[in-house]
Amino acid sequence: MAYFVVLAGESSGDNIGSSIIDALKKKNPNHEFKGIAGPKMIKSGCEPWFEIKDLSVMGIVNVIKHLPRLISIRKQVMEKILERPPDAFIGVDYPDFNLSIESKLKRRGIKTVHVVSPSFWAWRENRIKTFASKVDLMLCLFPFEQERLKKHGVNSEFIGHPLADKIPLEIDKQSAKDFLSIQEDLVITLMPGSRKSEIKYHATIVFDAAKKIARELDNLGSKTVKFIVPTQFPELKDFLLTKDRDEMQKFEFISDASKAIPASDLVITKSGTSTLESAMYKKPTIVIYKMPTLSFFLIKFLNLVKTEFAALPNILLRKEIFPELIQNEVTSENIKIKALEILNHQERLENINQELKVLHSSLRKNSALKSAEAIEDIIS
């Protein structure tokens, strides 16, 4: 039996953390877990000192305003860890918070594991030089991360991506459409963002593009279309209602992207993890991202972003398999043009599908089991 402190700061970390806890418990049901947890980790058997929602609030409105509370939670977590040192501390993503704790614990001789390598390859690349002094083991979701980390003396292991394990290699689009009771010929999923700031910059443009796509398809007279909008923000539907009530029959709002994407012929999404989810479902995708002009200028001027592409599938495949529209390129007309190009080229769709299958297989490694084995090795 071993005692672990596990700390996650976001819902994605809750998913990963719970799967690792489940895998470790399969190896030894008597393993003990405490830390900062979400509902899934708690259900898996992690006793929460704090819950993820206690951290999640802090980054949304005003980081500085909530900083004293964040520091207080970190201090209390450190005190609890030092009162009873665990066999290992497992930090799941949430890098700035977790790495600061891991650094202190490693200096005290407590084993530290960090799950989900920070995106040093995209920005703040010099961070990689500090990882070896903070973690005993870095578990990576992408293969190229392990290669680069080991060059800098970081003990690391590629575990694959949880999404690749969760999503089947073959997708039954018709069953997904039937589940949503969709009769239209084409389904297009719209994901303007998961944060209010993203929705502010993307929603109007994406909805206008959807209407232009629908009109173009109507003019051709060949195919009907349904737009699905998976979102946790009910105000997004209210926004469309006040703007275009007459168009509402073409849109369906649901809460779960994993129900929408498999039913789709095309996905239009902001850059982020959603692009990888779309890739795992083998869906052609248009990737957009728009931000405040000053922020974009500073990023370009200071050369802060080190990747050629914005979308994870493009980064992993080292080519633009998903077309990207960034900043001033994000217009409803450009989105419409890209969408019709994709929908009207069946041969291109088949090639995309094959390349995404290869990508999916390369990331499908049973990440929870590999994580559990690596963690047990580090404490043995």
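The figures follow:
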read-out: Residues of the range 29-47 classified as assigned to a helix (DSSP H, G or I) and free of Cβ contacts under 8 Å to residues at least 12 places away in the same chain, total; value: 1
read-out: Subset of the range 113-145 (residues that are among the β-branched types (Val, Ile, Thr), in contact with a helix residue (DSSP H, G or I) (Cβ under 6 Å, 6 or more places away or on another chain) and part of a loop (DSSP other than H, G, I, E, B)); value: VAL135
read-out: Scope the range 134-146; condition under 19 Å from ASN314 (Cα atoms) and either of a type in the set (Gly, Ala, Ser) or open to solvent by 20 Å² or more (accessible area, probe 1.4 Å) (or both); matching residues; value: PRO143, PHE144, GLN146
read-out: Complete set of residues in the range 343-354 that are buried (at least 19 other Cβ atoms within 10 Å of the Cβ) and either among the charged types (D, E, K, R) or within 24 Å of the chain's Cα centre (by Cα) (or both); value: ILE352
read-out: Any chance PHE131 is in contact with a Leu (Cβ under 8 Å, 6 or more places away or on another chain) and either open to solvent by 60 Å² or more (accessible area, probe 1.4 Å) or not aliphatic (A, V, I, L, M) (or both); value: yes
read-out: Filter result (charged (D, E, K, R) and assigned to a helix (DSSP H, G or I)) within the range 263-317; value: GLU277, LYS300
read-out: Candidate set: the range 355-380, residues that are surrounded by fewer than 13 Cβ atoms within 10 Å (Cβ to Cβ) and modelled with pLDDT of 95 or more; chosen: the one nearest to LYS111 (Cα to Cα); value: ASP377
read-out: Matching residues in the range 301-332 - criterion: being surrounded by 14 or more Cβ atoms within 10 Å (Cβ to Cβ) and of a type in the set (Ser, Thr, Tyr); value: THR331, SER332
read-out: Pairs with Cβ under 7 Å, 6+ apart, first in the range 270-286 and of a type in the set (Phe, Trp, Tyr), second outside any strand (DSSP E or B) and open to solvent by 10 Å² or more (accessible area, probe 1.4 Å); value: TYR281/ILE171; TYR281/PRO262
read-out: Selected residue (only one of ALA339, ALA372 is touching a helix residue (DSSP H, G or I) at 6+ places or on another chain (Cβ under 6 Å) and closer than 30 Å to ASN28 by Cα); value: ALA372
read-out: Scan of the range 249-299 for residues that are of a type in the set (Asp, Glu), open to solvent by 30 Å² or more (accessible area, probe 1.4 Å) and within 21 Å of ALA214 (Cβ to Cβ), ordered by number; value: GLU252
read-out: Subset of the range 45-62 [open to solvent by less than 60 Å² (accessible area, probe 1.4 Å), modelled with pLDDT under 85 and among the hydrophobic types (A, V, I, L, M, F, W, C)]; value: LEU55, MET58
read-out: Residues within the range 149-181 that are closer than 12 Å to PRO262 by Cβ and either touching a Phe, Trp or Tyr at 6+ places or on another chain (Cβ under 8 Å) or surrounded by 18 or more Cβ atoms within 10 Å (Cβ to Cβ) (or both), tallied; value: 4
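One line per residue, one yes/no per condition, for (1) under 30 Å from TYR281 (Cα atoms); (2) within 22 Å of the chain's Cα centre (by Cα):
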site	(1), (2)
GLU125	no, yes
ILE128	no, yes
SER156	yes, yes
LYS166	yes, yes
LEU169	yes, yes
SER175	yes, no
ASP178	yes, no
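Residues are listed down the side, and each one gets a yes or a no for (1) in a loop (DSSP other than H, G, I, E, B); (2) of a type in the set (Phe, Trp, Tyr); (3) touching a residue at least 40 places away in the same chain (Cβ under 8 Å); (4) over 26 Å from ILE337 (Cβ atoms):
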site	(1), (2), (3), (4)
LEU190	no, no, yes, no
THR204	no, no, no, no
ASP208	no, no, yes, no
GLU216	no, no, yes, no
LYS223	yes, no, no, no
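The values are calculated or read from the model by the stated rules, or taken from the named source; none is laboratory data. Note that this is a predicted model, so its numbers are computed, not measured. A quick note on method: Cβ atoms are made from the backbone with ideal geometry, for glycine too, and the neighbour counts reach across all protein chains shown. Protein only, heavy atoms only, side chains kept; ligands, DNA and RNA dropped before computing areas. Shrake-Rupley method; radii C 1.70, N 1.55, O 1.52, S 1.80 Å.
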